[in-house]
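Read-outs throughout are calculated quantities, based only on the coordinates presented, and are distinct from any laboratory measurement. Just so we're clear, the structure is a prediction, and the values are computed from it rather than from any experiment. Cβ atoms come from the backbone with ideal geometry, glycine included; neighbour counts cover every protein chain shown.
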Amino acid sequence: MKITSSNCNFDDTYSSKPIVKPTKFNIEYTKNVKELLIKVNPDSGAEVIVREPRLDMPGFVKVSFNLLDRVGEKVSDSNNKFIFDAYSYSLIFYIMTKLKYNSNAVRFEINDAAKTLNISRDSVIRAINALCKNNIIARTTSQSVYIVNHNCLFKGDINEFVVMYKELYKGEYAKTDTNGKIIIK
């Protein structure tokens, strides 16, 4: 099946079609020595399993150890300080449940995430800001759609994803608007 960016539907939960959108993140994936594979169970939480990297295992999501090392790390810009806190990690697990196989984009409403995670809307917004600031996700021009950094979070076969991305976008990176949001058509 030939994948095109336009034939992917976020609302079709059971679709096997990957959602591949333009990215600003490094498309050339380099395998870490170790990565954390997490099997997500929506009813009982997450079962954490550490293995040698094998990213094509069904039901698992890859999480970079570099991401996990950022717990409590402060990242600052000229105006704000962002703390990678428990809410940020809660949002990462939420995103992992929304991420489709071989995809790099998710769509979720802030209010739905807040309700599911049992945290305030403001906490979700702060977590989104922290994840964006830490290059885990990126905002897009499409409301409620975020590009996931496939080098930090990924579900599927990373090699297949890279091939699909290069076929769709000829290896080009995403264009951004004046606010730094990735332009999604």
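Worth pointing out:
- At 0.890 mPa s and 25 °C, Stokes diffusion of the stretch 137-185 via Kirkwood alpha-carbon radius, µm² per second: 206 µm²/s
- Convex hull projection area averaged over all views, the stretch 71-169, Cα basis, nm²: 6.9 nm²
- Going from the fewest other Cβ atoms within 10 Å to the most, the residues LYS24, LYS155 appear in the order LYS24, LYS155.
- Going by neighbour counts of Cβ atoms within 10 Å, the residues ARG121, ARG126 line up, fewest first, as ARG121, ARG126.
- Residues of the stretch 136-173 with an amide N closer than 16 Å to a point placed 7 Å from the Cα of ASN179 along the Cα-to-Cβ direction: 138-147.
- Exposure proxy ranking for ASP157, ASP177, based on other Cβ atoms within 10 angstrom of each Cβ and starting from the fewest, stands as ASP177, ASP157.
- Pairs of lysines in the stretch 71-169 whose Cα atoms sit within less than 29 Å of one another amount to 20, provided the residues are eight or more positions apart or on different chains.
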